[in-house]
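See below for the structure under consideration.
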Amino acid sequence: MDEIFLSGNRKRLSLKRGKDRVVANRHPWIFAGAIGEESGPPDAAIGDLVDANGKRLASGFYSPHSEIRLRALTFGDEEMTPELIVSRLAASITRHRSLLTDATNAARLVNAEGDELSGLVIDLYNDVVVVEVSNAGLERIKAAIIDTVRRELRPRLIYFNNDLPARRLEKLSTEPEAIGDGAPATTIVENGLRFEVDPAAGQKTGFFLDQRENRQLARELASGQRVLNLFSYTGAFGVYAAAGRATSVENVDGSQVAIEQARRNHDLNQSSTIATFSIADAFGHVRKLDAEKQRFGLVVCDPPAFAKRRVEVDRAARGYKDFNLYSMRLLEPRAKMLTFSCSGHVSLDLFQKVIFAAAVDAGRRISILRRLTAGPDHPVSIYCPEGEYLKGFLLEARE
Ligand code: SAH
């Protein structure tokens with residue numbers, strides 16, 4: 001693997017005049033528009049960005065097919081070597097592992113830019129490690145990633161979830177790969193609750209680890225309440241709410257597979273008797289519940305990312321407004337609502353405006369009690385604010 005780091009095997013990219021801010025700001029994404037000439041082998045995995053005098057400004061993973069031409073890992077004099085990557089990887093695993101306890105054996109161990117490893121995500125699910133490699137440079141040093149993960153974690157299985165849009169763009173294989181024993185499915189414990197996670201069949205790497213702290217909040221708010229869990233996926237918020245002594249929990253998701261898993265997760269935590277499960281479109285379902293005059297003491301709205309691209313932001317905002325409006329109508333007096341957007345392109349400011357518009361049209365008096373974000377195993381690089389995709393509010397209806 002080390003040969004890809006040799007200077008003759010690296011791409012040399014010159015920074016266009018007037019683009020100095022790109023480097024000064026240490027943003028790890030260097031776009032094609034900031035790059036003038038390119039020289040070096042076409043299949044280079046590593047690139048160096050240089051100024052007009054040939055002085056190195058940054059080094060990182062080179063992607064010929066992506067608008068993000070270089071994912072910078074080092075700036076200025078710092079050498080980009082295999083040792084540097086392996087030591088960052090080991091340090092990230094050590095930092096994140098400190099969050100694990102007897103009651104929680106699942107966490108994100110590497111959060112891409114947030115852990116200074118652009119393009120790499122590693123999640124631990126009990127005895128299974130799920131890895132997402134989203135650029136060609138990382139793909140070429142996969143052996144070192146596997147060695148480090150094995151040494152640090154000794155998992156039963158390492159599963160490469162390769163079904164990623166970024167890999168398609170980079171013309172990398174999208175077939176999954178498993179190294180180790182047995183199937184990728186496993187059972188995790190999170191805050192003392194048990195969940196079946198199947199990295200091969202599920203969304204993301206199998207489970208929404210980023211919501212752990214917000215699920216704990218739902219548990220604290222659920223006591224004595226009727227709870228509606230919209231976009232429930234495998235029922236995680238619902239299981240927490242039941243553990244917090246909700247009187248009933250309704251899980252709603254459009255996916256039959258997700259709802260079946262939600263049912264099994266409630267079974268695993270002995271809360272099936274108070275739970276119901278609806279395979280339904282959440283937009284239609286909130287209207288139906290409103291027409292039936294159903295009311296809830298806690299509503300959770302955790303939809304998928306509606307805006308995957310910038311051009312989709314307006315349409316996404318209309319979507320968020322629509323079911324937030326109907327969800328607010330379902331709130332009992334003094335009920336709480338946890339509402340989220342995980343669209344990177346929808347800013348916190350825009351999301352708050354959408355919630356405001358929903359409250360106006362719902363005719364409810366709504367206050368924000370807390371702003372919510374992802375847990376501490378999802379650090380955000382100060383230089384790459386795009387990493388802060390998850391935004392949420394804890395709302396309260398005043399009457
Ligand atoms: N809250 C979950 C994660 C939600 S992921 C957790 O903590 O685990 C988003 C979910 O929304 C997915 O399961 C997807 O199947 C579902 N979904 C997407 N569009 C939907 C729609 N229109 N109606 C209902 N569910 C939908």
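The values are calculated or read from the model by the stated rules, or taken from the named source; none is laboratory data. Everything numeric in this text was worked out from a predicted model, so none of it was measured. A quick note on method: Cβ atoms are made from the backbone with ideal geometry, for glycine too, and the neighbour counts reach across all protein chains shown. These area figures cover heavy atoms from the full protein model, side chains too; ligands, DNA and RNA do not enter into them. Shrake-Rupley method; radii C 1.70, N 1.55, O 1.52, S 1.80 Å.
Observations
- Single match in Phe208, Phe195, Phe160, Phe231 (criterion: closer than 23 Å to Phe61 by Cβ and within 19 Å of the chain's Cα centre (by Cα)): Phe160
- Considering residues of the stretch 202-223 that are part of a helix (DSSP H, G or I) and among the charged types (D, E, K, R) only, the residue farthest from the ligand (Cβ to nearest atom): Glu220
- Matching residues in the stretch 226-246 - criterion: being in a loop (DSSP other than H, G, I, E, B) and either in contact with a Pro (Cβ under 6 Å, 6 or more places away or on another chain) or within 14 Å of the ligand (Cβ to nearest atom) (or both): Phe231, Ser232, Tyr233, Thr234, Gly235
- So Lys16, is it surrounded by fewer than 16 Cβ atoms within 10 Å (Cβ to Cβ), modelled with pLDDT of 95 or more and over 27 Å from the mean Cα position of the chain (by Cα): yes
- Evaluated against (1) within 20 Å of Pro385 (Cβ to Cβ); (2) surrounded by fewer than 22 Cβ atoms within 10 Å (Cβ to Cβ), Ser341 falls short on exactly one condition, (2).
- Residue within the stretch 129-142 that is free of Cβ contacts under 8 Å to residues at least 24 places away in the same chain and away from the ligand (no atom under 14 Å from the Cβ) present: yes
- Of the helices (runs of 4 or more DSSP H) entirely within the stretch 114-201, those holding at least 3 residues that are open to solvent by 60 Å² or more (accessible area, probe 1.4 Å) and out of contact with any helix residue (DSSP H, G or I) (no Cβ under 7 Å at 6 or more places or on another chain) occupy 142-153, 165-169.
- Unmet criterion (only one of (1) among the basic types (Lys, Arg); (2) surrounded by 14 or more Cβ atoms within 10 Å (Cβ to Cβ); (3) more than 28 Å from Arg95 (Cβ to Cβ)) for Lys391: (3)
- Any pair with Cβ under 6 angstrom, 6 or more apart, that starts in the stretch 83-98 at a residue that is within 14 Å of Arg151 (Cα to Cα) and without any contact (Cβ under 8 Å) to a residue 12 or more places away in the chain and ends at one that is among the charged types (D, E, K, R) and surrounded by 14 or more Cβ atoms within 10 Å (Cβ to Cβ): none
- Every residue from the stretch 280-315 that is within 21 Å of the chain's Cα centre (by Cα), away from the ligand (no atom under 16 Å from the Cβ) and at pLDDT 95 or above: none
- Condition met for Arg88 (in a helix (DSSP H, G or I) and either in contact with a Leu (Cβ under 8 Å, 6 or more places away or on another chain) or open to solvent by less than 40 Å² (accessible area, probe 1.4 Å) (or both)): yes
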